[in-house]
1. Within the range 9-18, can one find any residue that is modelled with pLDDT of 80 or more, under 26 Å from residue 126 (Cα atoms) and assigned to a loop (DSSP other than H, G, I, E, B)?
2. Restricting the search to the range 86-114, which residues are of a type outside the set (Phe, Trp, Tyr) and assigned to a loop (DSSP other than H, G, I, E, B)?
3. Residues being open to solvent by 20 Å² or more (accessible area, probe 1.4 Å) and under 17 Å from residue 37 (Cβ atoms): count how many of those fall in the range 90-138.
4. In the list 55, 81, which residue meets the criterion of being free of Cβ contacts under 8 Å to residues at least 60 places away in the same chain and open to solvent by 60 Å² or more (accessible area, probe 1.4 Å)?
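The values are calculated or read from the model by the stated rules, or taken from the named source; none is laboratory data. Source: prediction; values computed, not measured. So basically every Cβ, Gly included, is an ideal-geometry build from the backbone, and we count neighbours across all protein chains shown. For the accessible areas, the whole protein counts, side chains as well, though only heavy atoms, and no ligand, DNA or RNA atoms are used. Shrake-Rupley method; radii C 1.70, N 1.55, O 1.52, S 1.80 Å.
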Amino acid sequence: MADYGWSFPDISPDDYFRGINVATLPAGMRNNNLGNIKYSQWSSKLPGAVGPSRNTDQGDPQVVFNSPEAGVAATARLALNKYTGGMTNLNSLIAGDRGWTPGNYDAAANIAKSMGIKPTDTLNLSDPASMTNFVRALALQEHGQ
C-alpha cells in the first residue's frame, strides 16, 4: 500500500472527542470507518478490522476498525482495488455495478463536485494527491461537514 502522507494527531480518543457527544456522530465515524465499508469476508481481513458493528448501514453491519488510521487505509485500499479493477471514473467507482453505492449517481456527482472534476473524468488513484482528494470527498459525502 502506498504511503499517502496522511498524518493524524498524536492524541488519545478521549482528548479527540472531548466535548463531543460521540453517540451523535455518524456511525462510520464511531466505527473508525471513514468509507462506511460494509462487513464481509473480505473486509474482515483488512488490517485493523475488529469485527462487525452493532449498527447497520442500509441493513448491513459496517466494519469496526481499531483506529481512524486503519479505517482511512482500508478506504484507500478498497478504492484502489476498485480502480485497478477497471472502475476508473466516479460513475463506475461509486455508482456502477459493485461500486461503493451501486446506482447512486447523485453520490458520484457530489464527490466529483467536491473533487473539482466531472463524474465521467478518468481518475488516477495511483497518485497520492488524487487519492487524498478522493478520500476527502468521499468522507464529505458519507458523513457531511
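1. Quick first cut of the range 9-18, residues modelled with pLDDT of 80 or more only: none.
Scanning the range 9-18 turns up no residue that is modelled with pLDDT of 80 or more, under 26 Å from residue 126 (Cα atoms) and assigned to a loop (DSSP other than H, G, I, E, B).
2. Start the filter on the range 86-114 by keeping residues that are of a type outside the set (Phe, Trp, Tyr), which leaves 86-99, 101-104, 106-114.
The answer is 86, 87, 88, 89, 96, 97, 98, 99, 101, 102, 103, 104.
3. Counting residues in the range 90-138 that are open to solvent by 20 Å² or more (accessible area, probe 1.4 Å) and under 17 Å from residue 37 (Cβ atoms) gives 6.
4. On the way: 55 fails: open to solvent by 60 Å² or more (accessible area, probe 1.4 Å).
One residue alone meets the criteria, 81.
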